[in-house]
Amino acid sequence: MLAYIKGTLEMKMTEYVVIDVGGLGYKVFMSSIGMEKLGNIGEQVKVYTYYRVREDDISIYGFNSNEELRMFELLLSVSGVGAKTALAMLAVCTPSEFVLAIVSEDINVLTSIPGIGPKSAKRIILELKDKIKKEQQIQELENASKNNKDMSETSIKVKQMIENDNKVQEAIAALQVLGYNKKEIEKAFMKIDKTNLTTEDLIKKGLTILAN
């Protein structure tokens with residue numbers, strides 16, 4: 001219902017902010033880190049929003065970027081993970097760190113988050129990796145159905161180089177978790193000098209290009 005809210009930051013509380021839009025004050029729940037990055041009282045701000053409706057509650061959750069919003073939505077899709085836990089994760093992990101932990105199955109990163117034990121961490125990794133696989137399969141089928149006869153030999157070679165690099169493949173899978181499709185990710189990576197870059201470096205650079 002609400003893609004984002006843009007207005008004057010009127011108030012910062014412990015768990016939420018109030019943003020004035022045309023005389024209406026929107027109460028928006030955010031992580032502590034998200035509120036720190038948002039700006040100062042009286043400034044114009046913009047937050048990407050998740051509108052949550054339940055029988056006994058209607059709440060708005062705010063994020064500094066679409067990637068954070070996508071991470072929040074993914075976490076809510078995992079059984080046993082609620083909104084408060086998802087916000088706690090955003091206060092500890094950036095989207096790039098989170099998706100890297102998922103694709104590399106790094107349980108230690110997830111258990112460093114308050115409220116997440118080893119069992120919960122394993123469940124998050126298992127459920128989200130299954131989502132990644134399904135998204136990749138759909139994307140591959142879509143790509144196979146398109147006419148690629150006009151692809152130049154140079155672009156084919158570049159594509160093969162990308163597919164042969166394990167770090168790049170992990171980064172591609174991580175960015176797919178955040179909602180980007182494989183084709184646009186590969187285009188972004190063609191603009192990056194990948195020499196001596198870690199998987200996390202690739203994710204961060206990819207996000208910078210894709211967000212523009």
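Just checking, does the stretch 56-67 include any residue being of a type outside the set (A, V, I, L, M), open to solvent by less than 50 Å² (accessible area, probe 1.4 Å), over 16 Å from the mean Cα position of the chain (by Cα) and modelled with pLDDT of 90 or more? Within the stretch 56-67 (the criterion being of a type outside the set (A, V, I, L, M), open to solvent by less than 50 Å² (accessible area, probe 1.4 Å), over 16 Å from the mean Cα position of the chain (by Cα) and modelled with pLDDT of 90 or more), the answer is yes, since at least one residue qualifies. Among residues of the stretch 46-59 that are touching a residue at least 40 places away in the same chain (Cβ under 8 Å), those with a Cβ under 7 angstrom from a residue that is assigned to a loop (DSSP other than H, G, I, E, B) and of a type in the set (Ser, Thr, Tyr), sequence gap 6+ or separate chain, pair up as TYR48/SER65.
Out of the stretch 109-119, which residues are open to solvent by 60 Å² or more (accessible area, probe 1.4 Å) and either under 19 Å from the mean Cα position of the chain (by Cα) or under 22 Å from ILE172 (Cα atoms) (or both)? Let's see the steps before the verdict.
The first filter runs over the stretch 109-119 and keeps only residues open to solvent by 60 Å² or more (accessible area, probe 1.4 Å), leaving 112, 114-115, 118-119.
Of everything in the stretch 109-119, just one residue is open to solvent by 60 Å² or more (accessible area, probe 1.4 Å) and either under 19 Å from the mean Cα position of the chain (by Cα) or under 22 Å from ILE172 (Cα atoms) (or both), namely SER112.
For the stretch 68-82, a residue qualifies if it is closer than 18 Å to VAL53 by Cα and either free of Cβ contacts under 8 Å to residues at least 40 places away in the same chain or over 15 Å from the mean Cα position of the chain (by Cα) (or both), and the qualifying residues are LEU69, PHE72, GLU73, LEU76, SER79, GLY80, VAL81, GLY82. Apart from one condition, ALA144 fits all of (1) modelled with pLDDT under 85; (2) surrounded by 15 or more Cβ atoms within 10 Å (Cβ to Cβ); (3) more than 17 Å from the chain's Cα centre (by Cα); (4) not in a loop (DSSP other than H, G, I, E, B); the exception is (2).
Out of LYS159, LYS204, LYS134, LYS183, one residue alone is open to solvent by 50 Å² or more (accessible area, probe 1.4 Å), in contact with a helix residue (DSSP H, G or I) (Cβ under 8 Å, 6 or more places away or on another chain) and modelled with pLDDT under 70. It is LYS159. Assessment of the stretch 71-88 against the conditions (part of a strand (DSSP E or B) and either open to solvent by 10 Å² or more (accessible area, probe 1.4 Å) or in contact with a Ser or Thr (Cβ under 7 Å, 6 or more places away or on another chain) (or both)) yields no matching residue. For the stretch 186-201, a tally of residues being open to solvent by 10 Å² or more (accessible area, probe 1.4 Å) and farther than 20 Å from ALA101 by Cβ returns 9. Scanning the stretch 89-99 for residues that are open to solvent by less than 60 Å² (accessible area, probe 1.4 Å), of a type in the set (A, V, I, L, M, F, W, C) and in a helix (DSSP H, G or I) turns up MET89, LEU90, ALA91, PHE98, VAL99.
The values are calculated or read from the model by the stated rules, or taken from the named source; none is laboratory data. Here the structure is a predicted model, which is why all the values come from computation and not from measurement. Every residue, glycine as well, gets a Cβ built from its backbone with ideal geometry; the counts of neighbours run over all protein chains shown. Remember, those area values only see protein heavy atoms, side chains included, never the ligands or the DNA or RNA. Shrake-Rupley method; radii C 1.70, N 1.55, O 1.52, S 1.80 Å.
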